[in-house]
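Notes follow once the structure below has been shown.
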Amino acid sequence: MIIVLRPDATEAQVNHIIEKVKVLGLSPHVSKGSERTIIGVIGPEDVLRITPLEVFPGVEKVIPVLSPYRLVSREFKKEDSVIDLGKGVKIGGKALVIMAGPCSIENIDRLYEIGRQVKKAGATVLRGGAFKPRTSPYSFQGLGKAGLQMLREVGSELDLVTVTEVMDARDVSLVADYADVLQIGCRNMQNFNLLKEVGVTKKPVLLKRGMASTVKDMLMSAEYILSGGNFSVILCERGIRTFEDSTRNTLDISAVAVTKQLSHLPIIVDPSHAAGKWGLVPSLAKAGVAAGCDGLIIEVHNHPEEAVSDGEQSLIPEKFSRLMAELKGIAGSVGREIL
Ligand code: PEP
Ligand code: MN
């Protein structure tokens, strides 16, 4: 870290800070300029969280050199992480991974039908919620274990990777028994006990950005999972809350570029929950691919008017298929491909 002293810092104040730094087990390197003095400090920066050096008289600011997230950072790993989702699907490489399916699993026939249609259009991952985080306790809450069974059956019959949300730390082993990828929803991005629990599984985790979280908050949450031993984390930008009310959330497209700079982990875009309206989904999906995301997760329903959740933002299979065709050109122009 670098400690920048105030221009009027006295010799006694500087010496006091140097002593304090040494007591903390760090080594100070003083550099006296004509205007002001700075102290470069070598050693683990974690102490800064316990001893705020800013409070010492004479200190103007303390600049950490290392990011608080380590394992997820580019400093830790230069190359992009490529994560194996099983069934021959890898995310983080040249090929974009498209995840699609209904918001909620409703019944087996419908899941088969949607699964077949999204696969035909080029999706390799089937999404579908069995445990649904609903704003109202009176809204459909998901089929639970019965839904997980349907997802596993359809995924294995159609040879699609499956992803579904786990909302509660107590359900992690159940969901891990049925699904290939564990989704942490935006409302649970900072449920640290849940993050710790998925961190000790061997399943890839899809971590969605909280609707009021910064990119750094998201990376710190990912750090929980990696520090538990699970390095298979996929990040997801799904829109954040802003003053703009013409969309359900505001897709923070810059989060894709920022995350790519800061982290080696793959990041996908969810245009459905960002837009909240199916007519806007194609534009946001294209923007995500152009910005360099590693994949998309899109809600698709064959009868959106009958959907038990998020019908208004679900694409019908024909529109999804058309979007997939259009995305190929955009992917190619940014050095990626859709297989
Ligand atoms: C979902 O993907 O089904 C979902 C509920 O998303 P989010 O957590 O981003 O709202
Ligand atoms: Mn949904």
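The values are calculated or read from the model by the stated rules, or taken from the named source; none is laboratory data. Keep in mind that this is a model prediction, so the values were computed, not measured. Please note: Cβ atoms are built from the backbone with ideal geometry, for glycine as well, and neighbour counts cover all protein chains shown. SASA here: full protein model, heavy atoms, side chains in, ligands and nucleic acids out. Shrake-Rupley method; radii C 1.70, N 1.55, O 1.52, S 1.80 Å.
Placing pseudo-labels 7 Å out from each Cα toward the beta carbon at Ala169 and Ser283 gives an inter-label distance of 4.2 nm.
Ligands, DNA and RNA left out, the 1.4 Å accessible surface of the chain is 54% carbon and sulfur atoms. As an equivalent ellipsoid, the chain spans semi-axes of 44, 20, 18 angstrom, where each value is the square root of five times an eigenvalue of the C-alpha gyration tensor, largest first. The value obtained for the stretch 210-311, namely the Cα convex hull volume divided by the number of residues, is 114 Å³ per residue.
At 24 Å minimum axial length over the Cα atoms and a Kyte-Doolittle cut of -0.5, report the qualifying DSSP H helices in the chain, or say none.
Counting only whole DSSP H runs, the qualifying helices are 317-333.
Each peptide in 3-14, 175-186 was scored by the mean count of other Cβ atoms within 10 Å over its residues; highest first, the order is 175-186, 3-14. Here's the picture: a label point sits 7 Å out from the Cα of Ile108 along the beta-carbon direction, and within the stretch 161-192 nothing has its amide nitrogen under 12 Å of it. Listed cross-link partners Lys132/Lys328; Lys90/Lys196; Lys196/Lys216 are compared with a 27 Å cut-off, the Cα-Cα value being larger for Lys132/Lys328. Calculate the length of the line joining the C-alpha centroid of the stretch 140-163 to that of the stretch 284-335, in whole Å. What the calculation gives is 21 Å, centre to centre. Straight-line reach from Lys20: taking Cα to Cα under 20 Å and skipping same-chain neighbours fewer than 8 places apart, the lysines in range are Lys32, Lys61. Subtracting the Cα-Cα distance of Thr242 and Glu60 from their residue separation scaled by 0.36 nm leaves 62.2 nm. Once both labels are positioned 7 Å from their Cα atoms along Cα-to-Cβ, the gap between Val30 and Lys145 label points is 6.8 nm. Net length available on complete extension from Arg74 to Val23 is 15.2 nm, with 0.36 nm assigned per residue and the Cα-Cα distance removed. Whole-Hz Karplus values for the stretch 164-178 come out as 8, 7, 10, 9, 9, 4, 6, 9, 4, 5, 4, 5, 5, 5, 10 Hz, taken residue by residue from phi with 6.51 cos²θ - 1.76 cosθ + 1.60 and θ = phi - 60°; glycine and proline positions read x. Per residue, the accessible area of the chain comes to 45 Å² when a 1.4 Å probe rolls over the protein heavy atoms.
Taking the stretch 1-27 and a reference point 7 angstrom along Cα→Cβ of Val47, the backbone N atoms nearer than 17 Å belong to 1-4, 14-27. Relative contact order of the chain: 16 percent, from C-alpha pairs under 8 Å at least 6 residues apart in sequence.
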